[in-house]
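Asks: Input: one structure, supplied below.
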Amino acid sequence: MSQAFRIGYGGLVNRDKKLSFKFNGKSYFGYEGDTLASALLANGVHLVGRSFKYHRPRGFFGAGVDEPYAIVQLYRNGETEPNIKATEQELFEGLEAKSVNCWPSVNFDIGAINNFLKIFLPAGFYYKTFMWPKSFWYRIYEPFIRKAAGLGVVSTKHDNERYEHKYEYCDLLIAGSGPSGLSSAYAAAKNGASVILAEDKPRFGGSLLTSDVNIGNQSGKDWAEGIIAELKTMPNVVVKNRSQIFGYYDHNMLVMSEKVSDHLPKTKKYHPNKRLWYIRAKEVLISSGSIERPIVFGNNDTPGVMLSSAAKEYLKVYGVLVGKKPLVFTNNDSGYETAIEFKKHGVDPIVLDSRKNPKSEIIDEAKNLAINIKNSYVVVAAQGYKKVKRADIASISDDKKQLGKIESINCDCICVSGFWTPTIHLASQSGNKTKFKEEIDAFVPGVSKQNETTLGSANGVFSLDETLKTSFAAGSELSKKITKNDNNIAIPNVVEKKSSQHDKFWCVPLPKGKNYKRFLDFQNDVAVSDIEIALREGYRSIEHVKRYTTLGMATDQGKTSNLNGLQLVSEIENKVVPAVGHTTFRPPYTPVSIGAIVGREVGKHSKPTRKSPMHSWHEKNNAVFVDAGVWLRPRFYKRGNETLFEASKREAKNVRTNVGVCDVTTLGKIDVKGPDAAELLNRVYTNAWLKLPVGKARYGVMLREDGIVMDDGTTTRISENHYHMTTTTAQAANVLSHLEYYLQLVWPDLNVNVVSTTEQWAGAAIAGPKSRDLLQKLFPNLNVSNEGLPFMGYMEGDLFGVKARIFRISFSGELAYEVNVESDNGNFMWEKIMEVGEDFEIQPYGTEALSTLRIEMGHVAGSELDGRTIPYDNALEGLVSKKKDFIGKRSLLRSAFTAEDRQRIVGVVPLDKKTSIPEGSHLVKDAKAPLPNPKLGHISASCWSVEYDNPFSLAILKNGKNMIGEKLFAMSPLKNKVIPVEIVSSHYVDPKGERVRS
Amino acid sequence: MLYINCPHCGMRSQNEFSYGGDASVKRPELNKEVSDQEWDDFVYNRKSLRGKHLELWQHISGCRQWIKVERDTSTHEIFRTFKANEEVA
Ligand SMILES: [Zn+2]
């Protein structure tokens, strides 16, 4: 198909490079430099979608970020992305796109039946309809709404694109590269400031690309090109196109999304798809321009009705006519500029101006070109279903209340201009208190909260001359403050046509007997009548009206609808617009893809993976790994076809009968050093620490100030003023912060230093009745007898030439030792232990066997120390000193903590000795009691006891102390299990703790 | 994201810090008789001010020092920052 609406010359597209693309399965051609929208319009395609609610046909309304209609599903390089604005998507060879919101097709849309069921979908329809009968919701209403609504389909495939994050700092960040952005960037750059200039479109220049002005004896466009070319050569300037600053956060932090690859058929190797910039700027200059606003009239959503500025942009930037019989409907001079461009390109427009007798240089030019101008005229309604065919027009009275006789004229597009709305989103996001500017009927930034300045038309300044003067001044002044340089730049001369005052007119009254839909919000299908209903039903706050009608809540965030909505509310309420106020602007200004926000932190990159020095040995020996916090730990070592259950049972059994070795490198380790180290430990732990001799370890429990157990572990006195503290793997970082808090803030007089040594040491636990024999062979020169190295003893030794620390501590409840060597020697240590251990039938064991061993011994771990238990609950009250004070002690006196029936750890065995109890099960007295069945406690950890060969669990049970011997039920509704159980002591194996001391 | 002036390191972004609550709370001295009310005020009761607030932050991904930050809780404006041992006048 030929590009019938492309004029033969002009525009900024590259006519030498033809690109083929597909829309809704049909093939077309466009040029390099086109957007999908301009290429479709060049081919005469105006029907691109269906509206959200009524499924009315939708065309193009704008030419950029403000587009409410032309949202497509994009297919690129085997991937698909929804919610793409055709007006922003640059054309590339092989691009494919489809309409959204159309079922089964854009030309025949079943959802359009909603249009005839308007009564079905009035304002608040989400809240009112579909509520009854309840059973209809899942079967009928929801599937219907889901099928009929939505803005495309999210791919369920893994996203293979790469997204990057970047942090940047600058003196001046400038949002927008129109006349004000270029001027301020240039002035600041010349003063030596570091400048980032961001433009959301592919081309720099903003309004200068389409306006008929002269700057410094050049066309506006040529001037812009010159400035950009010079800025690009300056080392202190970063110039970015395709980059949207979408959020203004605290302390002058702004976030920008740079589309690196969206305009290419395929992302280049090693390139990201998008790059998210976090920019901290000393000063922010907002030159985001303004968006033309529509005038509201009947059927104003018909394809072919669009903003007059968009029509001008399609013509001047892309060389595309949006129609050949254009009707321009305006209340200000901007419409004339579009009409003049049509005329210059050989097309005769008709201009309807709501004003009675406007006079200006622009209007004079239009008159000189013999353009047909009708004053005091309005469009009453667009006619045509899938495309504008005619317009009903009429004269209008001076008070804008009475329409004259309706006339019908032929046209193929209606270009609307209802004056301009400054884009104040960023300023408002920064906390700027915006104010209503009567002369332009719109809000502009007021008092700044952060270091931001809004310039040009974003600030309600529509004269180019004034924009340049203020922007050069702002760029120069702000940079001067930072760099102390002052390179007085001469401001170029400006030639522009003066315009006249716009008409404060925004909505055409309905003619008698007609009930045309007059839309305010084009994306969410919110019409004048919806706002009227909301107000009639008592909604007053603009925030409530917004949510009830969904005005401005679509992905375009009401860029073209907000002000007209406010005008309507204020008119009905007989208030002025500033009294109604605008709704809050929140980031993002325009949709940002989730991938860009997530960045590189996906999959294995979402957090660091920490591996012990023995990791490769574990891998080679069939370890199956489990995530333990950020660590990877062997869960079990698989032999043959063993299951987790079989392997962990074998490993645990071997510890109880022979000897096992477990990688305990992940335990948190903190060096505590200084003359007051013992005093610190004494205040941090619940038990006494002042008399621990050198060469001895002690188990300790630390509390939070609220009395809840924070962590447990052993700490060893290595030398006079040096202690080696261990923490659980999970709490290592918190415990270090906790110690630092008390040392720096609460007891700064204590002379102690703490530092994490977790990574410095590799650790191996050797456990089992044969562990002493093994240790003796590893350290033949040491006396490791029960007398030489008693329980909780410590010594240093030489492991085949490597310095080692030996602790006699036990988590498994067996005779056990922990050997630490410097990390680099970890693998050497492990291999030696395995080699020497062969004689003792050593087997490595993983976390699953480790859990089994500690559970049947009744040793508490993270599942009991869960942030809800005090020492008593864990049967650790024996470690709570009555004599000295410590962190959290005072809280233990709270009545709930001293109650006679306080919860306490118990053991749980199923009566059938067969059924494993799921962790998290609730313990109840009566399995058949009506819901909610009173919960007496919960199962914290479960294992298969290798000692007794039956299931065993630990539980935290109310009045646990007096419940031993009771029969209860463990219920797990999740697993659909009800298990009769008996409560036993938590110390299921070796209750006197003889083995560890043997 | 806040921009916090660490008295030890200079201006750093919020994601290097972790929040530590009200800095005006004083822990009762060790081994001192403390009433239930006093203890509750120390452990639990906070004013949750709107406006100027002295609070603790730890420069966890930096110098690891706890610092005091004077910040407006509604505007997020930071007025002054102090080292842990500095008296706030
Ligand atoms: Zn610091």
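The values are calculated or read from the model by the stated rules, or taken from the named source; none is laboratory data. Since we're looking at a predicted model, the values are computed, not measured. Reconstructed Cβ throughout: ideal geometry from the backbone, glycine too, with neighbour counts over all protein chains shown. These area figures cover heavy atoms from the full protein model, side chains too; ligands, DNA and RNA do not enter into them. Shrake-Rupley method; radii C 1.70, N 1.55, O 1.52, S 1.80 Å.
Asks: What accessible area, summed over both chains, is buried at the B-A interface (1.4 Å probe, Å², nearest 100)?
Replies: Adding both sides of the contact gives about 2400 Å².
Asks: Count the DSSP beta bridges whose two residues both fall in chain A, then state the antiparallel fraction as a percent rounded to the nearest 5.
Replies: Among the beta bridges of chain A, antiparallel pairing accounts for roughly 75 percent.
Asks: Go through the range A:508-521 residue by residue and turn each phi into a ³J(HN,Hα) via Karplus (6.51, -1.76, 1.60, θ = phi - 60°); whole Hz please, and just put x for glycine and proline.
Replies: 7, x, 6, x, 4, x, 10, 10, 4, 6, 10, 8, 9, 9
Asks: Mind checking which helices in chain A clear 27 Å along their axis (Cα) and have mean Kyte-Doolittle hydropathy of -1.0 or more, DSSP H runs only?
Replies: What comes out of the filter, once short or polar helices are dropped, is A:464-483.
Asks: If you don't mind, another one. Kindly sort A:ASP412, A:ASP676 by accessible area of their heavy atoms, largest first, with the probe set to 1.4 Å.
Replies: Listed by decreasing accessible area, they come as A:ASP676, A:ASP412.
Asks: Add -39500 (n - 2.57) for each DSSP H run of 4 or more in chain A, then divide by its residues: what number comes out at 222 nm, to the nearest 500 deg cm²/dmol?
Replies: -6000 deg cm²/dmol
Asks: Enumerate the amide H contacts of A:TRP631 below 5 Å, restricted to partners 5 or more residues apart or on another chain; note that Pro and chain-start residues carry no placed amide H.
Replies: Correct list: A:ARG610.
Asks: Let me ask something else. Roll a 1.4 angstrom probe over the protein heavy atoms and tell me the percent of accessible area of the range A:294-418 that is carbon or sulfur.
Replies: 47 percent
Asks: Once both labels are modelled 7 Å past Cα along the beta-carbon direction, what's the A:GLU822-B:LEU49 spacing in nm?
Replies: For A:GLU822 paired with B:LEU49, the spin-label model returns 5.0 nm.
Asks: Counting only protein heavy atoms, what percent of the accessible surface of the range A:893-997 is carbon or sulfur at a 1.4 Å probe?
Replies: 54 percent
Asks: Also: Once you keep just the Cα pairs under 8 angstrom separated by 6 or more residues, what percentage relative contact order results for chain A?
Replies: 9 percent
Asks: Mind running the shape call on the protein assembly as shown? Use the C-alpha gyration tensor, a ≥ b ≥ c as the square roots of the eigenvalues: rounded below 1.5 for a/c, prolate if a/b tops b/c, oblate otherwise.
Replies: prolate
Asks: Once you order the gyration tensor axes a ≥ b ≥ c over the Cα atoms, which shape class does the range A:294-418 get: rounded for a/c under 1.5, otherwise prolate or oblate by comparing a/b with b/c?
Replies: Here the range A:294-418 falls in the oblate category.
Asks: Tell me the trypsin sites (Lys or Arg not before Pro) within the range A:628-664 that lie in a loop according to DSSP and have at most 14 other beta-carbon atoms within 10 Å.
Replies: A:ARG639
Asks: Roughly how crowded by other chains is peptide B:8-21, in terms of the mean Cβ count from those chains within 10 Å of each of its Cβ atoms?
Replies: Rounded to a whole number, the mean comes out at 1.
Asks: Accessible area, 1.4 Å probe, largest first: how do A:PHE204, A:PHE969 sort?
Replies: A:PHE969, A:PHE204
Asks: Which cysteines does chain B leave without a neighbouring Cys Cβ under 4.7 Å?
Replies: B:CYS63
Asks: What do you reckon, how do A:HIS859, A:HIS55 stack up by accessible area (1.4 Å probe), largest on top?
Replies: A:HIS859, A:HIS55
Asks: Further, regarding this structure: Roughly how many percent of the accessible protein surface of the range A:695-846 is carbon and sulfur, given a 1.4 Å probe and a whole-percent answer?
Replies: The C+S portion of the solvent-accessible surface of the range A:695-846 is 47 percent.
Asks: Restricting to DSSP loop positions (anything but H, G, I, E, B) with no more than 16 other Cβ atoms inside 10 Å of their own Cβ, which trypsin sites (Lys or Arg not before Pro) remain in the range A:248-279?
Replies: Qualifying residues, ordered by number: A:LYS266, A:LYS268, A:LYS269.
Asks: Report the full-extension gain for the segment A:GLU919 to A:ARG540: residue separation times 0.36 nm, less the Cα-Cα distance, to one decimal in nm.
Replies: Contour length minus Cα-Cα distance gives 131.2 nm.
Asks: Additional query: Along the range A:444-453, what does the Karplus equation 6.51 cos²θ - 1.76 cosθ + 1.60 (θ = phi - 60°) give for ³J(HN,Hα), rounded to whole Hz, x for Gly and Pro?
Replies: These are the phi-based 3J(HN,Hα) values: 10, x, x, 7, 6, 9, 10, 7, 10, 9 Hz.
Asks: Shifting gears a bit: Give me the percent of DSSP beta bridges within the range A:294-418 that run antiparallel, rounded to the nearest 5.
Replies: 40 percent
Asks: Just checking the output field for A:574-581: average partner chain Cβ neighbours within 10 Å of each residue's Cβ?
Replies: Average neighbour count from other chains, rounded to a whole number: 0.
Asks: Give the shape of the range A:893-997 as rounded, prolate or oblate, defined through the alpha-carbon gyration tensor: a ≥ b ≥ c are the square roots of its eigenvalues, a/c under 1.5 means rounded, and otherwise the shape is prolate if a/b is larger than b/c and oblate if not.
Replies: oblate
Asks: To the nearest 10 square angstrom, what accessible area does A:THR467 show with a 1.4 Å probe?
Replies: Probe radius 1.4 Å; accessible area of A:THR467 about 10 Å².
Asks: Would you compute the Debye intensity of the range A:481-542 from its alpha-carbon atoms alone, equal scatterers and no solvent, and pass along log10 I(q)/I(0) at q = 0.17, 0.20 Å⁻¹ to two decimals?
Replies: The Cα Debye sum returns log10 ratios of -0.82, -1.01.
Asks: Also: Anything losing 50 Å² or more of accessible area from the isolated chain to the full protein assembly: pick those residues out of the range A:671-720, probe 1.4 Å, ligands and DNA/RNA ignored.
Replies: A:GLU705
Asks: Test of the criteria: in the range B:20-89, which chymotrypsin sites (Phe, Trp or Tyr not before Pro) are in a DSSP loop and have at most 16 other Cβ atoms within 10 angstrom of their Cβ?
Replies: Hits after loop and neighbour filter: B:TYR44.
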